[in-house]
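Everything below concerns the one structure shown next.
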Amino acid sequence: MNPSDQLTAIRGTRARTVLISGASIAGPALAYWLNRYGYAVTVVEKAAAPRSGGYPIDVRGTALDVVRRMGLLPRLRDAHIDLRRLTFLEGDGTEVTSLHPHSVTGGVAGRDLEVRRGDLTDALYTAVRDDVEFLFDDSIDTLDHCEHGVDVTFRGGGGRTFDLVIGADGMHSHTRRLLFGPEEPFHHYLGYCFAVFTMRNTFGLSHETVMWNSPGRAAALYAAGDDDEVHAFLNFARPEPPSHAFRDPQAQCALLAEVFADAGWEVPGMLAAARDAQDLFFDAVGQIRMPRWSDGRVALVGDAAYAPSFLTGQGTSLALVGAYMLARSLADGDHITGLAAYERDTRAFVTANQQLVGAGGATLFPTTAQALRQRNDRLRGLGAMPSSDGKPAHSALTLPEPARLA
C-alpha cells in the first residue's frame, strides 16, 4: 500500500483531488509531496512530454534538503556539472580575471549542485510518474470556483472538478492570469533583457564559462562539460522592456544585432548562431511579486508566484522549497488554514532570496564604464576575500520535518 492509499484508508474518506498546472520543477516536486500526503494528483502540461535540455541550474541551501528527502540527491550528485572556471573579459577581449565560480556565486564546494535543467526535470518526473496522472499536450482553459471545489475546462476538451488547483506554470503563468488578472501589476522589470541558445563549441571550452562585458552589455559562453555544444548568453540593459519583440523571433534577432552591432570578441559569431538557433529563448529580466499567492481553492507556487530572476541564481531552489512548504501546509486537507500557513512560513524566505537581485545585477552587468571598472577591481580581489560568516539567503529557512501521515 503506497502512502496515498494508506492515508485514505486511515481517514476512511476519498482522497482529495488536486490539479497542478506545469510539469517543469515546482509542479512535479509538489505532486510528489501531495501524493505522499494522500492527495489524488493530476498534472497538466502544455508540452507534449517532459522537457529536456535547458540552461544549467543551481540547487543550493535549503533546496538540497528537499531533494535529499525525496531520495534524489545521489542521482543529482552524479549529474553535477562541476564548473571549474569563470573567466571575465574586458570589452576588447583581454582577460580581467579567472576565478572558481563559487567565488562569485557564494556556492559551497562539495555541497551545492549545478545540473542540466533536463537532468533535474527527468529525476522529478521519474519520482512521480507511477503515482500521478499526467496530461501532456494540454492546459487549463478556464477555472471557476464552485460550492465544493474548482471547475476546470481543458483546451484539449472536456472538464473536471478538483478540490484544489495549483499554478506551477512559470513566470508568465496562465493560471495566475485566470485567477488574478494580467501579469503587469505583478511583474517588476529589472532593467535588462536576455537571450539564451545553444551553438557549436568551436572554442575549446570545457567545464567553464567565459563572460565578455562592456557597459550595459554582456555575452557569455558556458561549456557544461566536454560537449560539442555550448550555451550562449546575451544580456543588455534597456530602460523599458521591448514589448514588440517578445513574441517575434525575427524582431528579437534584429534587436540583438542592433544592440551588439559594434561588439568584439566572439559576439558576431554568437549573433549569427542566434539567427539559426532552434532553441532561442528571449525575455525580460524581472521578478514576480504578489501580495498573496492564493485565492479560495487556487494557489501559485514557484516562478508563477515569486520568480526571483536568474540574477539571484535561486529560481530552482525557490521552486523546490516552495513546493515542499505548500504540500506540507496542505497535509491535513484544510486548504484555508493550509494556504495561509504556506504563505506565512515561506514568504520571508522568498523575500530574502528576491533581494539578492541587487547584488547580482551590480556584480555581473554594470551599466556604466565607471561601474564596470569598479566591478572588475572587485573581481580581481575576490580570491583574497574572506567568506561571509552570516547565513546566506539560500539557507535562511530551516526545512520543517514532513507532516505525519496520521
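The values are calculated or read from the model by the stated rules, or taken from the named source; none is laboratory data. Because the structure is a prediction, the values reported are computed rather than measured. Reconstructed Cβ throughout: ideal geometry from the backbone, glycine too, with neighbour counts over all protein chains shown. These area figures cover heavy atoms from the full protein model, side chains too; ligands, DNA and RNA do not enter into them. Shrake-Rupley method; radii C 1.70, N 1.55, O 1.52, S 1.80 Å.
Quick look at the numbers
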quantity	calculated
Other-chain or far-sequence residues with amide H under 5 Å of residue 156's (modelled H)	139
Spacing of the two label points (7 Å from each Cα toward its C-beta) at residue 227 and residue 369, in nm	3.8 nm
At least 24 Å along the helix axis (C-alpha) and Kyte average at least 1.0, DSSP helices within the chain	none
Scattering profile of the range 47-187 at q = 0.18, 0.20 Å⁻¹ [log10 I(q)/I(0), Debye over alpha-carbon scatterers]	-1.14, -1.23
Burial ranking of peptide ranges 120-131, 242-253 (average Cβ count within 10 Å, highest at the top)	120-131, 242-253
The chain: relative contact order as a whole-number percent, Cα under 8 Å and 6+ apart	21 percent
Net charge dipole size for the chain [Lys, Arg +1 and Asp, Glu -1 on Cβ; Debye, nearest 20]	960 debye
Computed lengthening from residue 151 to residue 206, 0.36 nm per intervening residue step minus Cα-Cα distance	14.7 nm
Listed residue (285, 358, 196) projecting farthest to the positive dipole end of the chain, Cβ model	358
Gained length - residue 188 relative to residue 398, 0.36 nm times residue gap less alpha-carbon distance	72.8 nm
Gain on full stretching of the segment that runs from residue 240 to residue 90 - 0.36 nm per residue minus C-alpha separation	51.4 nm
Rg/Rh (Cα only; Kirkwood hydrodynamic radius) as it applies to the range 243-325	1.12
Cα-based Kirkwood hydrodynamic radius, the range 200-251, one decimal, Å	12.8 Å
Relative contact order, percent, the range 78-199 [alpha-carbon distance under 8 Å, six or more residues apart]	12 percent
Cα convex hull of the range 170-318, projected area averaged across orientations, nm²	9.9 nm²
GNM result for the chain, Cα springs below 10 Å: residue of 158, 286, 61 fluctuating most strongly	158
Mean Cα-pair separation over length for the range 271-334, i.e. relative contact order, pairs under 8 Å, 6 or more apart, %	25 percent
Pairwise FRET efficiency - residue 332 versus residue 136, Cβ, R0 = 41 Å, nearest 0.05	0.85
The chain - share of DSSP beta bridges that are antiparallel (%, nearest 5)	70 percent
Estimated [θ] at 222 nm from DSSP helical runs (n ≥ 4, -39500 (n - 2.57)) normalised by residues in the chain, nearest 500	-10000 deg cm²/dmol
Most mobile listed residue (35, 201, 213) in the chain, GNM with C-alpha springs under 10 Å	201
Probe 1.4 Å, protein heavy atoms only - accessible area per residue of the chain in square angstrom	44 Å²
P(r) tail fraction, the chain - alpha-carbon pairs more than 35 Å apart, %	28 percent
